[in-house]
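For reference, the structure discussed in these notes is given below.
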Amino acid sequence: MSVLQNAVKTSEGVSLNGFLLSPVVEQCSGCDRVRTFEEQDFCSSYPNPGSKWTGGRCNFATHIKTQTAAAAKVNPLKASKRAAKGR
């Protein structure tokens, strides 16, 4: 079942549930949320995907991996005490 199943082509563009959808931008290529409707690609999560990229990266992007923080620093003194206790 397509997310854009109820979409309708109007004179203003493509409308879905009262929202006017804008086509995806270049940064969206490769995202799992991109759906095709009448030979154009649209985001299934946000009606105006271009505005999601203005502040950096889109928080809906599935094709961009976030960098995880480094492992938490362990205090060597506490680590040696834990090891001595057998934890």
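The values are calculated or read from the model by the stated rules, or taken from the named source; none is laboratory data. Keep in mind that this is a model prediction, so the values were computed, not measured. For neighbour counting, all protein chains shown are included, and Cβ atoms are generated from backbone atoms with ideal geometry for every residue, glycine included.
Observations
- Residues in segment 7-19 include at least one that is modelled with pLDDT under 80 and at positive phi.
- Total residues in segment 42-76, condition among the charged types (D, E, K, R) and either crowded, with 16+ Cβ neighbours inside 10 Å or in contact (Cβ under 8 Å) with a residue 60 or more places away in the chain (or both): 1
- Output for segment 36-79, where each listed residue is of a type in the set (D, E, K, R) and in a helix (DSSP H, G or I): K52, K78
- The set of residues from segment 7-35 being part of a strand (DSSP E or B), surrounded by fewer than 18 Cβ atoms within 10 Å (Cβ to Cβ) and more than 17 Å from the chain's Cα centre (by Cα) comprises V8, K9, S15, L16, F19, L20.
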